[in-house]
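The values are calculated or read from the model by the stated rules, or taken from the named source; none is laboratory data. Here the structure is a predicted model, which is why all the values come from computation and not from measurement. With ideal geometry, Cβ positions are generated from the backbone for all residues, glycine too; neighbour counts draw on all protein chains shown. For accessibility, only protein heavy atoms count, side chains too; no ligands or nucleic acids. Shrake-Rupley method; radii C 1.70, N 1.55, O 1.52, S 1.80 Å.
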Amino acid sequence: GAVVSQHPSRVICKSGTSVKIECRSLDFQATTMFWYRQFPKQSLMLMATSNEGSKATYEQGVEKDKFLINHASLTLSTLTVTSAHPEDSSFYICSARGADSPLHFGNGTRLTVT
Amino acid sequence: DQQVKQNSPSLSVQEGRISILNCDYTNSMFDYFLWYKKYPAEGPTFLISISSIKDKNEDGRFTVFLNKSAKHLSLHIVPSQPGDSAVYFCAASSTTRGGADGLTFGKGTHLIIQP
């Protein structure tokens, strides 16, 4: 069964609104969670690394004020896309790492901004 | 600058034959490599990994080979089955940075298994 749950799987929102995506590790404590973005026919691009209880580390070129990440507990990280625009439409995927295990991925969120 | 390259966007293989997916990397700091399988609209699923101290790792029908000098790895699937049809991503990380890094992915290879 799924070990990382990502919600919602699809979301359509209007331009200017904010969208929150949740990522939960179901049966392990995830000290580190990662957020990726995938454009069509492109690789998964790491956006940010989130450690429980501390500020996220963003990759170069990713706006931290636009993509707010909160890792409030060892099982939950959230990504909020603030003031979304059509160019933010993409497939967002979270992953989580427990102790001595490879990354487990969520099923992704298809965001469409109209 | 793409640090992990999968130069074949797609690969078609007959059922029962061997599928070989290739991956090249440029960053010499990478020391841990993984293969993920991805179906449409789903997240990647871990398949198999290899540490740079090894040159081969086998798990059932899946074998990963690593050639450090060539900075090249490959995934062999034998025999190929229809359910193997998916996009396969090669990924790399540098554990010397404390294992805290996310993975660097290639663009993926779409494997199509023909009956």
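Give the residues of the stretch B:34-50 whose amide nitrogen is closer than 20 Å to a point set 7 Å from the Cα of B:SER12 in the direction of its Cβ.
B:40
Given Cβ point charges of +1 (Lys, Arg) and -1 (Asp, Glu) and nothing else, what value in debye, to the nearest 20, does the dipole of chain B about its Cα centre take?
I would put it at about 120 debye.
Grab the other residues whose beta carbon is less than 13 angstrom from that of B:SER85, score K and R as +1, D and E as -1, and report the net.
So the surrounding residues net to 0.
Remind me, what semi-axes does chain B give for its equivalent ellipsoid, largest first in whole Å, using sqrt of 5 times each Cα gyration tensor eigenvalue?
23, 15, 13
Projected onto the charge dipole of chain B (+1 at Lys/Arg Cβ, -1 at Asp/Glu Cβ, origin at the Cα centre), which of B:SER80, B:LEU21, B:GLY43 gives the Cα projection farthest towards the positive end?
The Cα lying farthest towards the positive end belongs to B:LEU21.
Using the Cβ atoms and a cut-off under 11 Å, what net charge is assigned to the surroundings of A:SER15, where Lys and Arg are +1 and Asp and Glu are -1?
-1
Would you jot down the residues in the stretch B:31-71 that end up with at least 20 Å² less accessible area in the complete protein assembly than in the chain alone, with a 1.4 Å probe?
Hits at the 20 Å² cut-off: B:TYR36, B:LYS38, B:ALA41, B:GLU42, B:GLY43, B:PRO44, B:PHE46.
Among residues other than B:PHE65 whose Cβ falls under 15 Å from its Cβ, what is the net charge (Lys/Arg +1, Asp/Glu -1)?
+1
Rounded, prolate or oblate: pick one for the stretch A:1-102, where a ≥ b ≥ c are the square roots of the eigenvalues of its C-alpha gyration tensor, a/c under 1.5 means rounded, and failing that, prolate if a/b is larger than b/c, else oblate.
Prolate.
Could you sort the peptides B:61-71, A:103-113, A:69-79 by per-residue average Cβ neighbour count (10 Å cutoff), highest mean leading?
A:103-113, A:69-79, B:61-71
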